[in-house]
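The values are calculated or read from the model by the stated rules, or taken from the named source; none is laboratory data. Not measured: the values here are computed from a predicted model. Because the Cβ atoms are built from the backbone with ideal geometry, glycine has one as well, and the counts that use them run over all protein chains shown.
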Amino acid sequence: MALYKYIAAIPGEASREMVIEADSQKEALGKLRSRGAIPVRFCGDASKEEGRSGLSLKRSRVDTYEFTRQLAPLLDSAIPLERALAIIAEGAQEPEQRTFVNGLRQGLHEGKKFSELVRSHGALFPGYYANLIESGEETGCLPVVVNELYKFMGESKELRDFIVSSSIYPLAILGITVAVTVLLFTVFVPRFAKIFVDMGRELPGSMLFLMAASSFFAWAWWLVPLSVTVLWKSLKHIMGEDQFKFKLSGIVVSLPLFGRIAVDLDMCKYIRTLAILIANHVEIIRTVRIAGRIIGNPVVAASFDGIDRKLKGGEKLSAALRGNPFVPPSLVPMLRVGEESGTVGDMLTKIAGNLENDTRLKIKRLLSLFEPAVIVFLAVVVLIVVVSIFVAMMEINSISQGGPSI
C-alpha cells in the first residue's frame, strides 16, 4: 500500500495534514471521508517523500529501535502514551531524537492516533510497525504489541549485526585481493615490460596479454561500472520499474543458496508478524493482509496474494499456506498442530525462531564458501602473472645465450 497525504478539514476544527494508507488514491479518499474529514488539497505520495528524506543525515540519527526499547517498559507500567513520550523526550541525548519524540507528542495533542503518526514518518519506521501499532490500538493491547515490536526489532537487529560482523573478514580478504590485483597490473607488470622496451625487443605473447590487462586496469576500468549503469537504466526504462523489479527479484530468488537466504529473511518477518497479530487477537483476514505487506521481494509477496481468499472460503491458515514454494517445509505441519491445540501464536513464534537460527547457519555457510573462493581467485591471478613473467624471462634468457647473429 502507498501513503497518501492530504490537507483535510474536520467540521468544527482547523484544517490539518492527514496521511492515509491505501491501495489507490480513490480508496484513500474513501477512507478520509469515512473519518468525517473533507479533503482540501492532495499533497502527493507521502511514502516517496519520506523515502527521500530518510536519506538525509538528520533522519538517520533518529533511532526507532531505541525509541521502542524505551517505550515498551513505560507502557507495560500502565503509564499513558503521552506521558511516556514526554519521559522519553526528556531523557533523549540527541536533539534530533528529542524533536522526533516531541513531534509525536504534538500529534497526540492534535487528536491523531499513534499509528497515524507512525505511518506519517514513512521510511523512518519498518514497514510493519504502523500496522502492528494500529492493531494494538484497535484491540486495546498497545503495551503488549509495543513489547512484541521491541523483541521483533531486537531480533532483526541481532540478525543484521550477525551478518555485518560475519562479513568483515571476507570483505577484508576481498579488499586485499582487489588491491593486490590492481597493484600487480598497474605497477609491477608495466615495470617488467619496460625491460623489453629498453632492450629493443618485441614483447612476447604472455607480456602482451599482461600489458592489455594492465592498460584496462589503469585506463578503462570505468567502462565496467558505466556499462552496468547504462544496462540497468535501459532495462528499467524498457520494462518499466515495477516489471524490472519483479524480474530482478525472480533472478535473486532463483540463485542457489543466496536466493534461499533472501527468501528466508522475508519469511522470518512474515511469520513473526503473523505471530504477533494472532497473539493479540487480530482478525485472521486482516492479519494475513498486514503480514503480506512487509515482504520486500515482489515475487515472494505475489505468492501470498490469494491467502485471504482461501481463508474466506473456509480454509484454515495451514491449508491456505500449503503448496506455497517459499514457505518453509516445517511450517505447515507445525501450524496444523498449533491450530488443533489452540496455540497458533506460540507455534508461529517457535517456527520463526527456528527459521532465524537456520538462516544464520546458511549465512555462515555462504560466507565460509566466499572466503576460499576469493583466495582461489587471488591465487589464479597471481599464477597467471607469475607464469607469464616466467615465460618472458625464459625468452630473455634464450636471447642472451644465443647472442647476436653475425
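For the range 305-318, which residues satisfy the criterion of being assigned to a helix (DSSP H, G or I) and of a type in the set (Gly, Ala, Ser)?
Answer for the range 305-318, where residues must be assigned to a helix (DSSP H, G or I) and of a type in the set (Gly, Ala, Ser): just Ser318.
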Given (1) under 20 Å from Leu274 (Cα atoms); (2) at pLDDT below 85; (3) among the aromatic types (Phe, Trp, Tyr), identify the lone condition not met by Tyr150. (2)
Residues in the range 319-331 that are crowded, with 19+ Cβ neighbours inside 10 Å and not in a loop (DSSP other than H, G, I, E, B) total 3
All but one of (1) surrounded by 19 or more Cβ atoms within 10 Å (Cβ to Cβ); (2) at pLDDT 85 or above; (3) under 30 Å from Leu174 (Cβ atoms) hold for Gly338; state the number of the condition that does not hold. (3)
I want to confirm something. Restricting to the range 74-102 and keeping residues that are free of Cβ contacts under 8 Å to residues at least 12 places away in the same chain and within 29 Å of the chain's Cα centre (by Cα), which single residue is surrounded by the fewest Cβ atoms within 10 Å (Cβ to Cβ)? Gln93
If only one of Met239, Met153, Met267 is surrounded by 12 or more Cβ atoms within 10 Å (Cβ to Cβ), touching a Phe, Trp or Tyr at 6+ places or on another chain (Cβ under 6 Å) and either more than 30 Å from Met393 (Cβ to Cβ) or aromatic (Phe, Trp, Tyr) (or both), which one is it? Met153
Under 7 Å by Cβ, and 6 or more places apart or on different chains, what pairs join a residue from the range 161-186 that is under 23 Å from Val385 (Cα atoms) with one that is of a type outside the set (A, V, I, L, M) and in a helix (DSSP H, G or I)? Ile173/Glu371; Thr177/Phe377; Val182/Phe217; Phe185/Ser214; Phe185/Phe217; Thr186/Ser214; Thr186/Phe217
All positions within the range 206-239 that are of a type in the set (Gly, Ala, Ser) and over 30 Å from Ile389 (Cα atoms): Ser227, Ser234
Got a sec? Which helices (runs of 4 or more DSSP H) wholly within the range 1-87 have at least 1 residues that are of a type outside the set (A, V, I, L, M) and at pLDDT 70 or above? 25-34, 64-76
